[in-house]
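Okay, structure first, notes after.
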Amino acid sequence: MNGTILSLDQIRKVYPGVVALDQLSIEFKEGEVHSIVGENGAGKSTLIKTITGAIQPTSGLITYKGVEMPFMDPIYALREGIGAIYQEFNLIPSLTVAENIFYGREMTGKYFLNKREMNRKSEQILSELDIPISPKTLAKDLSVGYQQIVEIAKSVSRDVKVLIMDEPTAPLTDKEVEKLYEIVWKLKRKGVTIIYISHKLEEVFHLSDRITVMRDGKYIKTLACGETNSQELIGLMVGRELGQNYPPKTGSEGELILEVKGVSTNKIRDVSFHLKQGEILGIAGLVGAGRTELARAIFGADPILKGEIVVRGQKVNIRHPLDGIKHKLGLIPEDRKQHGALLQMDIKFNISFASLPKLSKYGFIRKKKEKEMANRFIGALAVKTPSEHQYVKNLSGGNQQKVVLAKWLAMQCDILIFDEPTRGIDIGAKQEIYQLMRELVLEGRSIIMISSEMPELIGMSDRILVMKDGRIKGEVRGAEISQERILTLATSEESDGKAVGE
């Protein structure tokens, strides 16, 4: 192994109320594939942004190619050969491959772009990577896999020395994944350092020279790939006791209220499970597993290609969110600011707008009833606000979440899907949300809970389904529920052999 090209020493990044990186020290060597693993929320994204200069650390020291600096500057990072391939591509669909590769650094002649030279250089880079695509092809006409490779070509064109790859195989087919592996190895042979971020332990072991584990923003350990195994990594990734911050489980289940039978969409495949009255059913899985896509399909936000949904013993057609609402389903979405709440409107309207047909007479809204409804749920959910006229954008994250929940309670939904219910919420508000969820199931409602926070998933769920690659890999319940068991299912290639939904 060659010498160190990049090191971070005692890096700390603090946001209001959150320590994202906590005295993190790590070094990367020339020409190695160095993987970073950890649960969602471990600090991996903050680490990427720190290295590329997208954010500045609160304290600490970065050393790159022997130059010490308190933080990385984005322009300096690009110029000196630090590149990053993110999960969301930055290609411009209407431009050609060559134009995307040299975007912002276009080659010019006396008066016009020198497209011939840009095409020639792009063709040379693509040839070195053994990629059989024309530099004149429009980005929008490429498969997702080739779009990913064009992103890599952009970095190679800048004479990349350190390339960060963030979950690069999430959208790729098996054949595209193999091509990506070949490119990683070619870059490594050229002396490029690859920092590889992935939840898929099988590909981490396939590619890595060394593996670093992060947890809760902290550096835990770096191991040589050949000196560790999946179980050790999972143990290091988990490594903490669950807090005693969850209301007690009742263990009582009622009649079957929802059955999902062989449902497939563009993102999930042949998913089957059931939900009982008074139950909290957890859905676990890593980034890209298909959890949110499953929620959207059940609610009617994404089209179902095959399979069926049965509510209270009756097969139903849910092709639109209005169909989901009709059958008393409610979705508290992952991104409440974009898809859950109307931030520019007041609390009263946010709670009532889905129920306006019930609040209207002869086409006019009965304002008194609307106000009574809003204040009833503000009180019941303990929304902290001076009045129902407060704009939702001015509320804390926890209170915004309560307003989104109130909307569906006002619709008298029996089945509530919570997608990341406590994301961006402080600890005190989390406890209130947990208590509300437990009270709802005690009243006879049923909850599907998707969460990337393993402790809350375990602390709240009566049983947990684990997803990977758009499929359900297994189910855990009772004494089987543990972080190790869930992570093993979420990262393994084999099913646990149990029929889900029986």
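The values are calculated or read from the model by the stated rules, or taken from the named source; none is laboratory data. Predicted, not measured: the structure shown is a model, and the values here were computed from it. Using ideal geometry, Cβ is built from the backbone for each residue, glycine included, and neighbour counts are taken over all protein chains shown.
So which residues in the range 305-324 are surrounded by 19 or more Cβ atoms within 10 Å (Cβ to Cβ) and either β-branched (Val, Ile, Thr) or under 18 Å from residue 377 (Cβ atoms) (or both)?
Across the range 305-324, the qualifying residues are 309, 311, 318.
Tally the residues that are surrounded by 13 or more Cβ atoms within 10 Å (Cβ to Cβ), more than 31 Å from the chain's Cα centre (by Cα) and part of a helix (DSSP H, G or I), restricting the search to the range 99-123.
8
Pairs under 6 Å by beta carbon, first residue assigned by TED's automatic domain parsing to the domain that holds residue 220 and assigned to a helix (DSSP H, G or I) in the range 28-57, partner surrounded by fewer than 21 Cβ atoms within 10 Å (Cβ to Cβ) and of a type in the set (A, V, I, L, M, F, W, C), six or more apart or different chains?
Matching pairs, first to second residue: 49/55; 52/77.
Could you list, ordered by first residue, the pairs with Cβ atoms under 7 Å in which the first is in the range 271-288 and outside the structural domain of residue 169 (by TED's automatic domain parsing) and over 20 Å from residue 488 (Cβ atoms) and the second is among the polar types (S, T, N, Q) and part of a strand (DSSP E or B), at least 6 apart or interchain?
From residues that are outside the structural domain of residue 169 (by TED's automatic domain parsing) and over 20 Å from residue 488 (Cβ atoms), the pairs are 275/446; 276/446; 277/446; 278/446; 279/446.
Could you list, in sequence order, the residues of the range 444-471 that are hydroxyl-bearing (Ser, Thr, Tyr) and under 16 Å from the mean Cα position of the chain (by Cα)? Walk me through how you get there before you give the answer.
So the first thing to find is which residues in the range 444-471 are hydroxyl-bearing (Ser, Thr, Tyr), and the list is 446, 451-452, 461.
Within the range 444-471, 451, 452 qualify.
Please state which one of 385, 422 is more than 30 Å from residue 255 (Cβ to Cβ) and part of a loop (DSSP other than H, G, I, E, B).
Exactly one of 385, 422 is more than 30 Å from residue 255 (Cβ to Cβ) and part of a loop (DSSP other than H, G, I, E, B), namely 385.
Output yes when any residue across the range 186-208 is touching a Leu at 6+ places or on another chain (Cβ under 6 Å), at pLDDT below 90 and over 23 Å from residue 123 (Cβ atoms), and no when none is.
Taking every residue of the range 186-208 in turn, at least one turns out to be touching a Leu at 6+ places or on another chain (Cβ under 6 Å), at pLDDT below 90 and over 23 Å from residue 123 (Cβ atoms).
Of (1) in contact (Cβ under 8 Å) with a residue 40 or more places away in the chain; (2) buried (at least 21 other Cβ atoms within 10 Å of the Cβ); (3) over 21 Å from residue 288 (Cα atoms), residue 126 satisfies all except one. Which?
Just one mismatch for residue 126, condition (1).
Check the range 396-404 and report whether any residue there is under 30 Å from the mean Cα position of the chain (by Cα), not assigned by TED's automatic domain parsing to the domain that holds residue 448 and not in a helix (DSSP H, G or I).
Checked against the condition, which is being under 30 Å from the mean Cα position of the chain (by Cα), not assigned by TED's automatic domain parsing to the domain that holds residue 448 and not in a helix (DSSP H, G or I), the range 396-404 yields at least one hit.
Restricting attention to the range 341-389, report how many residues are touching a strand residue (DSSP E or B) at 6+ places or on another chain (Cβ under 6 Å) and either surrounded by 15 or more Cβ atoms within 10 Å (Cβ to Cβ) or small (Gly, Ala, Ser) (or both).
Counting residues in the range 341-389 that are touching a strand residue (DSSP E or B) at 6+ places or on another chain (Cβ under 6 Å) and either surrounded by 15 or more Cβ atoms within 10 Å (Cβ to Cβ) or small (Gly, Ala, Ser) (or both) gives 2.
Surrounded by fewer than 21 Cβ atoms within 10 Å (Cβ to Cβ) and either of a type outside the set (Ser, Thr, Tyr) or not in a helix (DSSP H, G or I) (or both), is that true of residue 136?
Spelling it out, residue 136 is indeed surrounded by fewer than 21 Cβ atoms within 10 Å (Cβ to Cβ) and either of a type outside the set (Ser, Thr, Tyr) or not in a helix (DSSP H, G or I) (or both).
Only one of (1) within 25 Å of the chain's Cα centre (by Cα); (2) modelled with pLDDT under 95 fails for residue 277. Which number is that?
For residue 277, the exception is condition (1).
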